[in-house]
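The values are calculated or read from the model by the stated rules, or taken from the named source; none is laboratory data. What you see is a predicted model, and the numbers here were worked out from it, not measured in a lab. Cβ placement follows ideal geometry from the backbone for every residue including glycine, while neighbour counts extend to all protein chains displayed.
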Amino acid sequence: MPELPEVETTLRGIAPHIEGHKIQKVIVRDSRLRWPVPSGLDKKLHGHSITSASRRAKYLLLATDAGTVILHLGMSGSLRVVPVKTPAEKHDHVDFIFDNGLCLRLRDPRRFGSVHFVSGNPLEHKLLNKLGPEPLSKEFSGELLFTRSRNRKIAVKTFIMNNQVVVGVGNIYASEALFAAGIDPRREAGSISKARYLRLAKAIKKVIAAAIKAGGTTLKDFTQSDGKPGYFSQKLKVYGREGSPCVNCGKAIQQITLGQRASYFCSRCQR
DNA sequence: AATCGCGCCTGACGGC
DNA sequence: TGCCGTCAGGCGCGAT
């Protein structure tokens with residue numbers, strides 16, 4: 001379940017191996033991802049070098065002078081850099097083979113991920129052009145949350161998970177940030193004060209930055225078979241801890257469903 | 001415009 | 001041991 005920190009960790013792991021390198025071949029073993037992998041990728045990309053690898057929200061952007069590959073890891077996707085002769089395993093759907101003997105390999109058991117190719121500006125792509133600010137950018141602030149939430153009746157947790165409000169706040173970190181800010185996830189977004197949104201924005205930045213830092217600790221092994229970023233090892237204070245004592249007050253953490261998604265909180269510490 | 005609920009998909013897990 | 005039902009979960013999309 002890649003959240004933004006895992007995608008960022010992936011980016012930092014793969015970028016040094018692929019930037020500036022020429023694509024020799026693209027192999028699509030299974031094009032049935034969330035949307036069909038575009039046909040003719042090999043023809044479009046053959047002979048072109050990656051000019052930059054970057055990220056927008058949870059989308060990875062691999063730019064060439066012929067166009068940009070947009071990748072999303074969905075629920076279960078992972079990207080690894082492996083020696084080109086490494087045998088593909090089950091669920092290894094797409095390979096980008098480079099002239100440095102390495103292969104960028106997309107694995108995605110549940111196939112919720114996707115691969116796109118655009119010849120123009122990738123940020124104008126339909127999936128990207130309505131996205132809100134990056135959580136770690138200065139454009140994302142408590143002011144923005146407050147302004148955008150006026151007259152909104154949805155639960156605040158659902159609100160901050162809306163990609164048009166702010167990107168990259170997934171289910172885990174939404175719960176964690178609301179706990180850190182002391183806000184009940186069920187509260188109506190439009191009823192929360194500016195002061196509390198200032199706290200919440202800071203909490204979102206803090207929890208995501210900490211998770212990226214934790215993920216970074218495994219980067220040195222990124223080309224090895226174990227491509228799992230280590231952000232799960234960071235201590236989650238509420239997520240997945242139903243029934244366990246709150247780290248602040250000891251009361252049992254509760255699990256509820258909001259917007260068809262598991263949500264965890266402390267009813268004493270979060271109001 | 002805002003909100004709600006669906007469905008894609010497979011591995012993990014619980015029950016028998 | 002094996003089979004089956006259930007669930008999770010990002011997120012776009014159609015319906016309301």
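Computed quantities for the displayed model
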{"item": "Residues located in segment A:162-191, provided they are surrounded by 21 or more Cβ atoms within 10 Å (Cβ to Cβ) and not in a helix (DSSP H, G or I)", "result": "A:166, A:167, A:168, A:169, A:183, A:185"}
{"item": "Residue tally, condition aliphatic (A, V, I, L, M), surrounded by fewer than 21 Cβ atoms within 10 Å (Cβ to Cβ) and under 11 Å from the mean Cα position of the chain (by Cα), over segment A:66-77", "result": "1"}
{"item": "Residue within segment A:65-80 that is under 28 Å from residue A:170 (Cβ atoms), modelled with pLDDT under 95, charged (D, E, K, R) and assigned by TED's automatic domain parsing to the domain that holds residue A:10 present", "result": "yes"}
{"item": "Condition met for residue A:61 (within 16 Å of DNA strand C (Cβ to nearest atom) and assigned to a strand (DSSP E or B))", "result": "yes"}
{"item": "Considering residues of segment A:137-155 that are more than 20 Å from the chain's Cα centre (by Cα) and within 16 Å of DNA strand C (Cβ to nearest atom) only, the residue surrounded by the fewest Cβ atoms within 10 Å (Cβ to Cβ)", "result": "A:153"}
{"item": "Failed item, numbered, when residue A:236 is tested on (1) within 16 Å of DNA strand B (Cβ to nearest atom); (2) modelled with pLDDT under 95; (3) within 21 Å of residue A:4 (Cβ to Cβ)", "result": "(1)"}
{"item": "Matching residues in segment A:104-121 - criterion: being within 22 Å of the chain's Cα centre (by Cα), free of Cβ contacts under 8 Å to residues at least 60 places away in the same chain and more than 17 Å from residue A:3 (Cα to Cα)", "result": "A:105, A:118, A:121"}
{"item": "Meets criteria (surrounded by 15 or more Cβ atoms within 10 Å (Cβ to Cβ) and either away from DNA strand B (no atom under 16 Å from the Cβ) or closer than 19 Å to residue A:10 by Cα (or both)) for residue A:127", "result": "no"}
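Each row is one residue, and each column tells you yes or no for (1) surrounded by 18 or more Cβ atoms within 10 Å (Cβ to Cβ); (2) without any contact (Cβ under 8 Å) to a residue 60 or more places away in the chain.
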| residue | (1), (2) |
| --- | --- |
| A:2 | yes, no |
| A:19 | no, yes |
| A:25 | no, no |
| A:35 | no, no |
| A:38 | no, no |
| A:60 | yes, yes |
| A:64 | yes, yes |
